[in-house]
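A quick write-up on the structure given underneath.
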Amino acid sequence: MKRFEQFSASDAISGPPSKADYWVDRSFRTVTHLCAWLILAIVIALLWQIGEKAIPAIRDYHLGFLTSAVWDANKDQFGILAEIWGTLYSSILGLIIGGFFGVVMAIFLTQDFLPPLLAAFFRTIVELLAAIPSVVYGLWGIFVVVPVLRPVANWLNETLGWIPLFSTTLSGPGLLPAALVLAIMILPTIAAVSQDALRLVPYRTKEAAYGLGTTRWEAILRVLLPTASAGIFGALVLGFGRALGETMAVAMLIGNSNQITLSLFSPANTLAALLALNFPEAGKVEVRALMYAALVLLLITLLVNMLGTALMHRTSKALGVKTR
Amino acid sequence: MTTRPDLLESMKGAKRFDLKRSFWEPRSLRSLLLSIGAWIVALIASVPLISVLYMLIVRGGRRLNWEVLTELPPAGFEEGGGFGNAIVGTLVMVGIGGLISIPFGILAAIFLAELGPDSQIANAARFCAKTLTGLPSIIAGVFAYAILVLVTGTYSAPAGGMALALLMLPTVVLTAEEALKMVPQNMKNAAFGMGCTHSQVVSKIVFPTALPGILTGVMLAVARASGETAPLLFTALFSNFWLFENGRAELMAPTASLSVLIFNFSGMPYENQIELAWAASLVLVLLVLVFNSLSRIIGRSRI
Amino acid sequence: MSAIRAEKTRITAADATPPGVVIDCRIDKIYYGDFVAVRDSHIPIEKGKITSFIGPSGCGKSTVVRCLNRMNDLIKGFRFEGRVRFYDQDVYAPDVDPVIVRRHMGMVFQQPNPFSMSIFDNVAFGLRLNRYKGNLAERVEHALRRAALWDEVKDKLKTNGLSLSGGQQQRLCIARAIATEPMVVLMDEPASALDPIATRKIEELMVELKQKYTIALVTHNMQQALRVADKTAFFSVDISQDGRTGYLVEFGDTRQIFEDPKEQLTQEYIRGEFS
């Protein structure tokens, strides 16, 4: 590679990269390449480790694990139907509340309702909501949300007790406080992702609506939201995924009780809370069952998250925006 | 003759053409109501945060003093005490998590953004990183439990740090990739034109230029990790003792953390513990906010 | 990196280039993916002269200059058929490292692109890259002087290169490119982003620099080519098929190209530009 040398002007400084340069170049490429592979390897290891540790339990309980609602470590009987129910119920409730607030907040923040200073204020609030650790929400839930909700809940139970939703009293922890805190915790995710989706709508689309003489809200409801709908739906799915896997606040607020109930005020349990509360003191057999439960949780959240990511990808593609 | 009705018609129209805003017209009324609704929703959404902050400052602030920052956790019936060991534990485990995830994540991001952005492995790794963003934090704990606690036979700070690393990794990788991609092609061309090898382009130009953006992501990851509880519950467990004692670090033993302390104390029937839980929450939130603001300040200083 | 197909040529006596030609560029086809960007062009670049590349936009004149130092290798789907001879070697021979090629040909780009570092470090970049052992400060001053920038920046060598004005930035980029004394300097529309005063400075600089360097200059500004270039290559674009393919129409002394063009296309283009 020294062949160009002979023609250099006498004072030329250019030379080929040194051997060390080439060595560094090659090793650096190799190392980064390995790191990229390692990310893939980690995900595989994650699935494999948890899957492998769950195999004994899968062999013992088969799919009956998913349809039984008994969790009794003394009798070695394990089933997670109640947890699956509780996970879905609390997450859907959280999604309805958090989704509504999150999407309205996203509209509010992107559609020029506010002078810059106020917009920054509300944006900060949403960001701070995301920054508070889960365990702090749990503590706040125990000492603020439950006491505030209790009289309301018990009044509803007294007057409207015949509706299954209100069929029990709220004695302390329960589904509703957990779902409310979940809603607060997924609000920032939903607001942030929906904001991105709304911002992707080209300005000319909005202009076209205004040009036809729509009011601001007509433009938002008839043009903006439909155009961004796939992205907003993606935001909701991602928020749902987050709610499914949310652990600490729920574990502290849901009451850890193995029952299937429609009542908003009765204690229940979720998969993540089951893992958090039972793992530290579990014996060998229970750990296997917990690994099975972890696998189920992992698969559900992976599925939901991939769905959400794919949906968001589709919006940006449909709107002709390049994302990688 | 024929124009007269037309004129009349157009004059009739003129009234309907009134350009002034009519308050009571249904559509402007509806618009107003919706706007008021949006305001109400936004205000309601701010209530929880204000309530949380209020409780933290009032209940946590009341108890916050030098003693709680430096003493060991009290037993059930004891008065006083603090959570000094938990602060140290949190910092050590976040540190371990960072030591693992930051270099590894940045190197992977360099591959994704620069050295092989269109390769199949890059697409697969990017997809995996995105998937990991949504990983329930408790699953990270289960994983670290499976590969470290079961193997070493003990709860430990490295096991906790490992679980945190898994949660930090996707944030580091994805934000670093974004930051690296923001470096103008122009500048890279200049470096290539000087006869840099690709690694030299990355190390001399691309990486330094993207550094603020990368640090933003790193700080975000650190902030998120410091608040995590679930992954530590059964990897680091908890401890009532100092991590460093008599100049020796007991790393391979159960380790305290602020978040697990809050969780443990929140369920105790003693007022002292509950007060400490609030004080610990305040410290934890401040810690998280410090990292968060650092991330923002660094992000703003970008060119 | 893209696959490059190039015949491995041993240069024979019959093949020899006229004396004084530094780069002999023979393009059969340049592909971006399936699309042929440039075809059938032969441009010899002579030592110590400014060779300008002109033509309508999209005619591939930039592509041609960027393929001389293999910058196009960085673009996905790029494929080169033909031969670029740099003295007696084929730049596209399979065993040639593009990194080394680029070290011997300095390049100045359309948009001024100083690095986000001090003025001094910008100019010293190439010197350090090549592990220059001599007096760094002396070299930097020398390069800045020749780029006619020294007087403006000598008191603020430590400030960031990006803080300079557009014209100064471009002269800084020229200083950076010539600091390592490359044999050839490639300039891809170096003045197109600059105002007329800055442009004139760059032009004066080019004439100054050709005493020592061989320069290949892409420009969309005909007057500029007329003012500074010794040789001119006129490209045109062929839109007969589905793509737009550029090709060389005429090559010769700048005077001849502007005053007595042989080809109809050149005549029309030049008449159109000057009327």
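The values are calculated or read from the model by the stated rules, or taken from the named source; none is laboratory data. All values reported here derive from a predicted model rather than from experimental measurement. Here the Cβ positions follow ideal geometry from the backbone for every residue, glycine too, while neighbour counts run over all protein chains shown. Heavy atoms of the whole protein, side chains included, go into the accessibility calculation; ligands, DNA and RNA do not. Shrake-Rupley method; radii C 1.70, N 1.55, O 1.52, S 1.80 Å.
Counting DSSP beta bridges with both partners in chain C, what percentage is antiparallel, nearest 5? Display every interim value, and only then the final one.
Details: 30 of 49 bridges.
In chain C, approximately 60 percent of DSSP beta bridges are antiparallel ones.
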(request) Any chance you could tell me what percent of the C-alpha pair distances in chain A go past 37 Å? (result) 37
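How many square angstrom of accessible surface are buried between C and B, both sides summed, with a 1.4 Å probe and rounding to 100?
Values: alone 13270 and 17890 Å², together 29470 Å².
The contact between B and C buries close to 1700 Å².
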(request) Run through every distinct alpha carbon pair of segment C:117-203 and return the Kirkwood hydrodynamic radius in angstroms, one decimal place. (result) 13.0
(request) May I ask for the angle, rounded to the nearest 10°, between helix A:225-245 and the longest principal axis of chain A, with both axes built from Cα atoms and the value confined to 0 to 90°? (result) 70
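What number, rounded to the nearest 500 deg cm²/dmol, is the helix-based mean residue ellipticity at 222 nm of chain C, given -39500 (n - 2.57) per DSSP H run of at least four residues and division by all its residues?
Working: 10 runs with 92 residues, N = 275.
Calculated from helices alone, the mean residue ellipticity at 222 nm is -9500 deg cm²/dmol.
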(request) State, to one decimal in nm, how far the label point of A:SER257 lies from the label point of B:PHE244, with both points 7 Å from Cα in the Cβ direction. (result) 4.7
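Looking at the protein assembly as shown, send over the antiparallel percent of its DSSP beta bridges, to the nearest 5. Mind dumping the intermediate values first?
On the way: 34 of 53 bridges.
Antiparallel: roughly 65 percent of the beta bridges in the protein assembly as shown.
At 222 nm, what value in deg cm²/dmol follows for chain B if DSSP H runs of at least 4 each add -39500 (n - 2.57) and the sum is divided by all its residues, to the nearest 500? Let's see the in-between values first.
Values: 12 runs with 196 residues, N = 303.
Computed mean residue ellipticity for chain B: -21500 deg cm²/dmol.
What net charge do the residues around A:LEU298 carry, taking every other residue with its C-beta under 15 Å from that of A:LEU298, with Lys and Arg at +1 and Asp and Glu at -1? Show your work: numbers first, answer last.
On the way: positive: A:LYS53, A:ARG242; negative: A:GLU52, A:GLU83, A:GLU246.
Spelling it out: positives minus negatives among the neighbours equals -1.
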(message) Of A:ALA20, A:THR32, A:VAL43, which is farthest towards the positive pole of segment A:17-59's charge dipole, taken about the Cα centre with +1 and -1 on the beta-carbons of Lys, Arg and Asp, Glu respectively?
(response) A:VAL43
(message) Defining a contact as two alpha carbons under 8 Å apart and six or more residues distant in sequence, what relative contact order in percent does chain B show?
(response) 24
(message) For chain C, take the longest principal axis of its alpha carbons; what is the angle in degrees between that and the long axis of helix C:196-209, to the nearest 10 within 0 to 90?
(response) 80
(message) Against the empirical 2.2 N^0.38 Å scaling, what ratio does the C-alpha Rg of segment B:224-301 come to?
(response) 1.29
(request) May I ask you to evaluate 6.51 cos²θ - 1.76 cosθ + 1.60, the Karplus curve with θ = phi - 60°, for each residue of segment A:160-174 and list the ³J(HN,Hα) values in order in whole Hz, giving x for glycine and proline? (result) 10, x, 6, 7, x, 4, 10, 6, 10, 8, 9, 8, x, x, x
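State, in square angstrom and to the nearest 100, the accessible area buried between chains A and B, both chains counted, probe radius 1.4 Å. Kindly include the intermediate steps, with their values, before the conclusion.
Values: alone 18940 and 17890 Å², together 29810 Å².
Roughly 7000 Å² of accessible surface disappears when A and B pair.
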(request) Report, by chain and number, residues whose modeled amide H sits under 5 Å from the one on C:SER52, excluding near sequence neighbours (fewer than 5 apart, same chain). (result) C:LEU217, C:ASP230, C:LYS231, C:THR232, C:ALA233
(message) From zero outward in steps of 5 Å, how is the percent of C-alpha pairs of segment B:151-303 spread across the bins?
(response) 2, 9, 13, 14, 14, 13, 10, 8, 7, 5, 3, 1, 1, 0
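Provide the FRET efficiency to the nearest 0.05 for the A:SER27-C:LYS29 pair, computing r from the beta carbons and using R0 = 41 Å. If you can, show how the numbers build up before the last one.
On the way: r = 37 Å, r/R0 = 0.89.
Efficiency, from the Cβ-Cβ distance: 0.65.
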(request) Could you quote the convex hull projected area for segment A:17-59, Cα atoms only and averaged over all directions, in nm²? (result) 3.3
(message) Can you give me the Kirkwood hydrodynamic radius for segment C:49-106, using every pair of distinct Cα atoms, in Å to one decimal?
(response) 12.5
(message) I'd like the residues of segment A:258-299 whose 1.4 Å-probe accessible area shrinks by no less than 50 Å² going from the isolated chain to the full set of protein chains.
(response) A:PHE279, A:PRO280
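Quick one, could you list the DSSP H helices from chain B stretching 15 Å or more along their long axis (Cα atoms) with average Kyte-Doolittle hydropathy of 1.0 or above? Write down the numbers at each step before the final one.
On the way: long enough: B:3-16 (20 Å, -1.14); B:26-55 (44 Å, 1.52); B:84-110 (38 Å, 1.93); B:120-133 (20 Å, 0.29); B:157-181 (35 Å, 1.18); B:207-227 (30 Å, 1.20); B:271-300 (43 Å, 1.16).
Going by DSSP H runs, the hits are B:26-55, B:84-110, B:157-181, B:207-227, B:271-300.
Set the Förster distance to 45 Å, then compute FRET efficiency between A:SER18 and C:ASP230 from the Cβ-Cβ distance, nearest 0.05. Walk me through the numbers on the way to the answer.
Numbers: r = 37 Å, r/R0 = 0.82.
E(calc), rounded to 0.05, equals 0.75.
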(request) Roll a 1.4 angstrom probe over the protein heavy atoms and tell me the percent of accessible area of the protein assembly as shown that is carbon or sulfur. (result) 62
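Send over a whole-number figure in Å² for the accessible area per residue of segment A:62-318, probe 1.4 Å. Don't skip to the end; give the middle numbers.
Details: 10300 Å² over 257 residues.
For segment A:62-318, the solvent-accessible area averages 40 Å² per residue.
Viscosity 1.002 mPa s, temperature 20 °C: Stokes-Einstein D of chain C from its Kirkwood Cα radius, in µm² per second? Write down the numbers at each step before the final one.
Details: Rh = 19.3 Å.
This corresponds to a translational diffusion coefficient of 111 µm²/s.
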(request) Give me the distance in nm between label points sitting 7 Å out from Cα along the Cα-to-Cβ direction at C:LYS156 and A:THR67, one decimal. (result) 7.9
(message) Within chain A, count lysine pairs with alpha carbon atoms under 30 angstrom apart where the residues are 8 or more positions apart or belong to different chains.
(response) 6
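For the protein assembly as shown, compute the orientation-averaged projected area of the C-alpha convex hull (one quarter of its surface), in nm².
Numbers: hull surface 215.3 nm².
Reported value for the Cα convex hull: 53.8 nm².
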(request) With an 8 Å cut-off on Cα pairs and a minimum separation of 6 or more residues, tell me the relative contact order of segment A:47-91 in percent. (result) 26
(request) Using every pair of alpha-carbon atoms in chain B, split the distances into 10 Å bins beginning at 0 and state the percent of pairs per bin, rounded to integers. (result) 6, 20, 23, 18, 13, 8, 5, 4, 2, 1, 0, 0
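So for chain A, averaging the separation of alpha carbon pairs under 8 Å that are six or more residues apart and normalising by length, what relative contact order in percent results? Intermediate values should be presented prior to the final figure.
Working: 433 pairs, mean separation 80.2, N = 324.
Once divided by the residue count of chain A, the mean separation gives 25 percent.
Roughly how big is the C-A contact, given as buried accessible area in Å² (both sides, 1.4 Å probe, nearest 100)? Walk me through the intermediate numbers first.
Numbers: alone 13270 and 18940 Å², together 30290 Å².
So the total buried area for this chain pair works out to about 1900 Å².
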(request) Just report the Cα centroid separation between segment B:230-271 and segment C:208-275, whole Å. (result) 76
(request) For helix A:116-131, report the angle its Cα long axis makes with the longest principal axis of the Cα atoms of chain A; keep it between 0 and 90° and round to the nearest 10°. (result) 70
(message) For C:GLN89, what residues show an amide H to amide H distance below 5 Å, using hydrogens built from the backbone and excluding near sequence neighbours?
(response) none
(message) Starting from the 7 Å offset along Cα-to-Cβ, what nm value, one decimal, do you get for the label separation of C:GLN223 and B:LEU53?
(response) 6.1
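Using the C-alpha gyration tensor of segment A:90-136, what are the square roots of 5 times its eigenvalues, in whole angstrom, with the largest one first? List each step's numbers first, then the result.
Numbers: eigenvalues 103, 50, 4 Å².
After diagonalising the Cα gyration tensor, the semi-axes are 23, 16, 5 Å.
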(message) Suppose the Debye formula is applied to equal point scatterers at every Cα of segment B:76-221; what is log10 I(q)/I(0) at q = 0.16, 0.18 Å⁻¹?
(response) -0.89, -1.03
